[in-house]
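Remarks on the structure that follows.
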Amino acid sequence: MVDHDLGTDLLARLDSVPALAGRTAVSDLSGGLTNRNVKVTTPEGVYVARLSSPESALLAIDRVNEHANSVAAAASGAAPDVIAYAPEVSVLVVRFVEGRTWSDDDILTPVNAPRIADSCRRLHSGPRFVNDFDMLRLQPQYLALCQERDFRLPDRYLEFSHHRAAIEEALGVRPVASVPCNNDLLAANFIDDGDKVWLIDYEYSGNNDPFFEIGNVWSEAAGTPDDLERLVSAYVGHPSTALAARARLWGLMSKYGWMLWASIQDGTSALDFDFWSWGLEKYDRAVVEFDGPDFGRLLEEVRSTD
């Protein structure tokens, strides 16, 4: 095996996974704010080993659920095969996909909208996940943790609690059946092999409103309303004012909720990363939407039928 700078502890964790025995190369992979991701080459194949941190429990990540949902996502054809899971050392091993990691520009390129929609539909029509995910439930949990531990909140955060309640009420008028969702499809979680777009990383996976998935993809890429309408149309097969409004309101809740994720990371993580600024960029965009002229109209449109 080649020498590597993972350190003795992390290498020992890899040693404890039989599927990684006899490895000939190990290299770091970029991305991942709650994991160390490494590419491992063995005589039997090339894999990605995700070495997770115990602090991730504060972020509402359940590693047992992540493993089970990763297996289900692979069965749908949307995600790589799961090779091994070693909970005693917090290592999940999946098959390495040879391809290009996307950027926000790829997400917002019009020609890719049908490809995103196809990949999401593949996942959403697959086996049910073992748990549910709902940002309307998660955001208050994150907020309680921030307040209990005196993690900092951005200006005016609590002021928008009434907006959050209005979103919940409006979305509940015409509920949509939940489906298996990744719930964290930032651009780095799309891998394009030239033919198929794979969806990776199931830390926050759970059964959810599919339009959270679409709205979160759009929100993470900082798209325009036109970009979102294109994604929604590709996903459902036709334009829909009501469903575009639904996805946009979920995208707004995404920005509002993930800000607290960033606050928790800012207060606990030892990683050399500016989580606060990362979250604040999302929150600042959420404030513009909360204060903007479209908010009331979206609440009306999501209640309507096309």
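The values are calculated or read from the model by the stated rules, or taken from the named source; none is laboratory data. If you're wondering where the values come from, they're calculated on a predicted model, not measured in any experiment. Every residue, glycine among them, receives a Cβ derived from its backbone with ideal geometry; neighbour counts consider all protein chains shown.
Among the residues in the range 75-88, are any touching a residue at least 24 places away in the same chain (Cβ under 8 Å) and on the phi > 0 side of the Ramachandran plot?
Taking every residue of the range 75-88 in turn, at least one turns out to be touching a residue at least 24 places away in the same chain (Cβ under 8 Å) and on the phi > 0 side of the Ramachandran plot.
Find all pairs meeting these conditions: Cβ atoms under 6 angstrom apart; at least six residues apart or on different chains; first residue within the range 11-33 and within 21 Å of Gly99 (Cα to Cα); second residue modelled with pLDDT of 90 or more and surrounded by fewer than 16 Cβ atoms within 10 Å (Cβ to Cβ).
That search, which allows pairs on different chains as well, returns Ser27/Lys39; Leu29/Lys39.
If you scan the range 162-202, which residues turn out to be more than 24 Å from Leu108 (Cβ to Cβ), buried (at least 20 other Cβ atoms within 10 Å of the Cβ) and touching a strand residue (DSSP E or B) at 6+ places or on another chain (Cβ under 9 Å)?
Scanning the range 162-202 gives a single hit, Pro180.
Inside the range 256-302, can you point out the residues that are within 18 Å of the chain's Cα centre (by Cα) and of a type in the set (Asp, Glu)?
Glu281
Out of the residues in the range 200-221 that are touching a residue at least 60 places away in the same chain (Cβ under 8 Å) and among the small types (Gly, Ala, Ser), which is nearest to Glu66 (Cα to Cα)?
Applying the filter and picking the extreme gives Ser205.
Exactly one condition in (1) out of contact with any Ser or Thr (no Cβ under 6 Å at 6 or more places or on another chain); (2) hydrophobic (A, V, I, L, M, F, W, C); (3) under 27 Å from Val94 (Cα atoms) is false for Met259; which is it?
In the conditions (1) out of contact with any Ser or Thr (no Cβ under 6 Å at 6 or more places or on another chain); (2) hydrophobic (A, V, I, L, M, F, W, C); (3) under 27 Å from Val94 (Cα atoms), Met259 misses (3) alone.
Looking at Ala222, is it under 27 Å from Asn37 (Cα atoms), of a type in the set (A, V, I, L, M), surrounded by fewer than 24 Cβ atoms within 10 Å (Cβ to Cβ) and over 12 Å from the mean Cα position of the chain (by Cα)?
Values: under 27 Å from Asn37 (Cα atoms): yes; of a type in the set (A, V, I, L, M): yes; surrounded by fewer than 24 Cβ atoms within 10 Å (Cβ to Cβ): yes; over 12 Å from the mean Cα position of the chain (by Cα): yes.
Here the answer is yes, as Ala222 does meet what is asked.
Check Pro114, Pro140, Pro154 and return the single one that is at pLDDT 95 or above and in a loop (DSSP other than H, G, I, E, B). So that I can check it myself, show each step before the final result.
Details: Pro114 fails: in a loop (DSSP other than H, G, I, E, B); Pro140 fails: in a loop (DSSP other than H, G, I, E, B).
Testing whether each residue is at pLDDT 95 or above and in a loop (DSSP other than H, G, I, E, B) leaves just Pro154.
Can you say whether Met253 is aliphatic (A, V, I, L, M), closer than 13 Å to Cys146 by Cβ, touching a residue at least 60 places away in the same chain (Cβ under 8 Å) and crowded, with 20+ Cβ neighbours inside 10 Å, as far as the supplied structure shows?
Taking the combined requirement at face value, the residue does not satisfy it.
For Ala177, are the conditions met, namely being closer than 19 Å to Leu249 by Cβ and not polar (S, T, N, Q)?
So Ala177 fits the description; yes.
Which ones in the range 226-244 are of a type in the set (Gly, Ala, Ser) and closer than 21 Å to Ser125 by Cα?
Ser233, Ala234, Gly237, Ser240, Ala244
Out of Leu59, Leu14, Leu10, Leu29, which single residue is more than 30 Å from Gln141 (Cα to Cα), modelled with pLDDT under 90 and surrounded by 18 or more Cβ atoms within 10 Å (Cβ to Cβ)?
Leu10
Limited to the range 117-148, what total is found for residues that are in contact (Cβ under 8 Å) with a residue 24 or more places away in the chain, under 25 Å from Tyr283 (Cβ atoms) and not charged (D, E, K, R)?
10
Would you point out which residue out of Pro180, Pro154, Pro114, Pro175 is of a type outside the set (D, E, K, R), more than 28 Å from Asp291 (Cα to Cα) and over 18 Å from the mean Cα position of the chain (by Cα)?
Just a single option satisfies the conditions, and that option is Pro114.
Inside the range 89-111, can you point out the residues that are free of Cβ contacts under 8 Å to residues at least 60 places away in the same chain and buried (at least 17 other Cβ atoms within 10 Å of the Cβ)?
So the first thing to find is which residues in the range 89-111 are free of Cβ contacts under 8 Å to residues at least 60 places away in the same chain, and the list is 92, 95-96, 105, 109, 111.
Leu92, Phe96 - these are the residues of the range 89-111 that are free of Cβ contacts under 8 Å to residues at least 60 places away in the same chain and buried (at least 17 other Cβ atoms within 10 Å of the Cβ).
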